[in-house]
Structures are given as C-alpha cells and as structure tokens.
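A short write-up of the structure that comes next.
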Amino acid sequence: MITYQSEDAKLPNISKRQTTNWIKTIAQQYDRKIGDVNYIFCSDEKILEINREYLQHDYYTDIITFDYSEPEVFRPQGEKNDKISGDIFISLDTVTSNAEKFKVSFEQELHRVIIHGILHLCGQKDKSPADRAEMTRKEEDALRQLNHL
C-alpha cells in the first residue's frame, strides 16, 4: 500500500491514483511489488532535522529514503525478496528550488523525486558518478512512462 502524508508542509496536488499506478508499474519492471511505502512531504527544516538525526548529515536534500524491505538474509535460501517497503521523505521546498534551477515544472521535478525513492528501494544506487548517471537515465525513462499513462 502506498500512502501520501505531509508533515510541516501542505500535501502537494498530485493524482494519487495515477501516481500509485505509475509507481507500481515501475516497481514491476524491477521485479518488485509494493509493500508498505509511505511518502511524507515536508519542509526543508524537517528534512534537515531528519538528515541530522538519522544520517548524521548536516545539509538540506530533496529526498531521504528509509528502506524497510526484509533483508535477503531472513528469507529461505534462493527465495527473492520482491516486496519493497519504506518511508520516503521529500522536501517540497527543495523540489521547488530544484525545479527552478533545472528549468522544469514543479510537477515534473516532484515526480522525478517520487520515483527516485522507488528506484532506491528497488536497489538502484547513486553514490558514484556512474551510478548517478544510471539513476538519472532510469528516472527519465520512468517519467516518459508517466507521460503515457
């Protein structure tokens, strides 16, 4: 189940049904099913607080993803963990400033960040330059699919 909540910010005006269907479609492309995924839309100050408290990072960011998917170690040998679960915090302040910076609409940047969290839960990394380039390619592919729903 996918939920959309807000904390210290107004819930963005998105089509929850369309967004949920899109997220499920993208997850299926990575052989994953949606477990419990919670989107929490918040302010820069809230995401900074979370970043400091849980990750010991002292900076603003657009998204923080906490992966609660069951580790493979707890599954019978050979059985794949195909269900993803997690909390995805998104700073609407940073989404707004990034949309301006990258000269895209707020909606497009918001959807990019929404799917970025799902890609992390599906196993995509973005620490190295090569991984970041691959993440960007996958985000763009997912955004094209959203435009065709």
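None of the figures in this text is laboratory data; all of them are computed from the coordinates on show. Bear in mind that the values here come from a model prediction, so they are computed numbers and not experimental data. Cβ placement follows ideal geometry from the backbone for every residue including glycine, while neighbour counts extend to all protein chains displayed.
Some values worked out for this structure:
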item: Test: residue in the range 30-47 that is within 30 Å of Glu100 (Cβ to Cβ) and loosely packed, with under 12 Cβ neighbours inside 10 Å; result: no
item: Residue match in the range 1-9 (condition: in contact (Cβ under 8 Å) with a residue 24 or more places away in the chain, surrounded by fewer than 13 Cβ atoms within 10 Å (Cβ to Cβ), farther than 19 Å from Met135 by Cα and in contact with an Asp or Glu (Cβ under 7 Å, 6 or more places away or on another chain)); result: yes
item: Residue check, Thr25 among the polar types (S, T, N, Q), at negative phi and within 12 Å of the chain's Cα centre (by Cα); result: no
item: The range 138-149 residues that are without any contact (Cβ under 8 Å) to a residue 60 or more places away in the chain and loosely packed, with under 14 Cβ neighbours inside 10 Å, paired with ones that are part of a helix (DSSP H, G or I) and among the β-branched types (Val, Ile, Thr) (beta carbon under 6 Å, 6 or more apart); result: none
item: Criterion (closer than 20 Å to Asn13 by Cβ and out of contact with any Asp or Glu (no Cβ under 7 Å at 6 or more places or on another chain)) met by exactly one of Ser43, Ser97, Ser69, Ser128; result: Ser97
